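Down below is the structure, laid out as structure tokens.
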Amino acid sequence: MKTNKIFFKISLTILLLVFGFVSSSFTPENNEPSSVAPRVKNIILLIGDGMGITHISGLMSVSGHNLNMTTAKHIGFTQTHSYDNYVTDSAASGTAIASGKKTKNGMIGMDPDSNNVVLITEKVRKQKKMSFGVVSTSAVTHATPASFVAHNISRNDYEGIALDFVRTQPDVFIGGGKANFMNRRDQRDLIKVLERNDYEVVYTMEELKNADGEKVAGLLADEHMPRFSEGRDYMLAEATYKAIELLSRNDRGFFLMVEASQIDWGGHSNDAQYILEEAYDLDVALGVALTFALNDRNTLVLLTADHETGGMSLTGGNIEEKSIIAKFTTTTHTGVIVPVFAFGAGAEYFTGFYDNTELNEKMCEVLRLR
Ligand code: MG
Ligand code: ZN
């Protein structure tokens, strides 16, 4: 499959104009990986769902190597297998990253015996009085964002997961999933409950830009957000900007998870163009995070994936034409390692090969969480 190069030429120009090109501005004083964890105030964790090395490699080619992610100087790799399967799903890997515990595919915020595990978002609030938020291009109740907020035996219990959003009350959550809060089988109107709990609930990007509530819920679609190229536009980057603006009001720091949900869906449908657009969109959101971190100096930015999707390979291409030929080996996930790109404060602590549960441990260590 040949990819459409024109799209990338145009949109990358926009990216570079709007956010500037973040280069190697984060040069740590000591390049040696330290055994003592550096201290970090804020973490922005960006997850490309299903984004493997090949997806990134393809994006490098079609973008002419003009990417934020490839400015990383500190790179690690994680293995992603779940408790019960060599090939993880997003629920088990999201739970591993959020809690440091392996679980069975399909489970959210629970160990294999269905006990709740403690999430990093719960730790930052309880132990440090930090704020936390999640942003995604899927329903916020979908597996990846849910793993940072909810505890449920099944990722498919979207309405139950929505209840956990109401109980947990993230300081900010932005994505789709409005129907899981409004049109429920139990007839409960969770929007009203959110508003009673001092949430400003908004339904459009325009409303979101003006939101300044103590807590903000952006429910921008009934289910999932549309594709980047089919009307979503720069929602992910703009929502990331807004979430950082709202969360950074807390002097004690914040934890923000940003998910590009649909790279995975491009992988499932073996659609290289879909993958590349969505991965590019994530790179723009990364630019927003890096711009904040560059000024703040106490913020760690991590970009990783929960697993690879599609078993994608590049069997040909043309550097000058910025095109690739992609082949796929599966319509599901694969068990290959995925990269961790680390930027900003404490980035050097995230190099090397480790397990996705250790990514959680490292984040807890740099935030001085128990
Ligand atoms: Mg996901
Ligand atoms: Zn998937």
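The values are calculated or read from the model by the stated rules, or taken from the named source; none is laboratory data. If you're wondering where the values come from, they're calculated on a predicted model, not measured in any experiment. Backbone-built Cβ (ideal geometry, glycine too); neighbour counts: all protein chains shown. Protein only, heavy atoms only, side chains kept; ligands, DNA and RNA dropped before computing areas. Shrake-Rupley method; radii C 1.70, N 1.55, O 1.52, S 1.80 Å.
Exactly which GluC sites (Glu not before Pro) in segment 278-342 are in a DSSP loop and have at most 10 other Cβ atoms within 10 Å? Write out the running numbers ahead of the final one.
Working: sites: Glu278, Glu308, Glu320, Glu321; in loops: Glu320, Glu321.
The qualifying sites are Glu320.
Provide the gained length on full extension for the span Ile153 to Asp113, in nm with one decimal, where the gain is 0.36 nm per separating residue minus the Cα-Cα distance.
Gain on stretching Ile153 to Asp113: 13.4 nm.
Looking at the chain only, what percent of DSSP beta bridges run antiparallel? Nearest 5 please.
Working: 20 of 55 bridges.
Within the chain, antiparallel bridges account for around 35 percent of the total.
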Quiz item: Roughly speaking, what is the stretch gain from Arg368 to Ser57, that is 0.36 nm per residue apart minus the C-alpha to C-alpha distance, in nm to one decimal?
Solution: 108.5 nm
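With loop defined by DSSP as not H, G, I, E or B, and exposure as at most 16 other Cβ atoms within 10 Å, which is the longest segment of the chain clear of exposed chymotrypsin sites (Phe, Trp or Tyr not before Pro)? Walk me through the numbers before you get to the answer.
Details: sites that count: Phe21, Tyr83, Tyr86, Tyr203.
That gives 204-370 as the longest site-free run.
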Practice problem: Would you mind checking the radius of gyration and Dmax of the chain based on alpha-carbon positions, in Å? | Solution: 19.0, 57
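So, for the chain, what is the accessible surface per residue at a probe of 1.4 Å, expressed in square angstrom? Spell out each step's value before the answer.
On the way: 14280 Å² over 370 residues.
With all protein chains present, the chain gives 39 Å² per residue.
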Practice problem: Between Thr332 and Arg185, take the C-beta separation as r, use R0 = 22 Å, and let me know the FRET efficiency to the nearest 0.05. | Solution: 0.15
Exercise. Could you please state, rounded to a whole Å, how far the C-alpha centre of segment 311-360 is from the C-alpha centre of segment 163-233?
Key: 31 Å
Exercise. Rounded to whole Hz and in sequence order, give me ³J(HN,Hα) for segment 229-239 from the Karplus expression 6.51 cos²θ - 1.76 cosθ + 1.60, θ = phi - 60°, writing x for Gly and Pro.
Key: 8, 10, x, 6, 6, 8, 3, 5, 5, 5, 5
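Within the accessible area of segment 42-367, what % is carbon and sulfur when the probe is 1.4 Å and the other protein chains stay in place? Could you put the intermediate results ahead of the total?
On the way: 5180 of 11080 Å².
C and S fraction of accessible area: 47 percent.
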Quiz item: Between the DSSP loop rule and a limit of at most 16 other Cβ atoms within 10 Å, which trypsin sites (Lys or Arg not before Pro) in segment 124-202 are left?
Solution: Lys129, Arg184, Arg185, Arg188
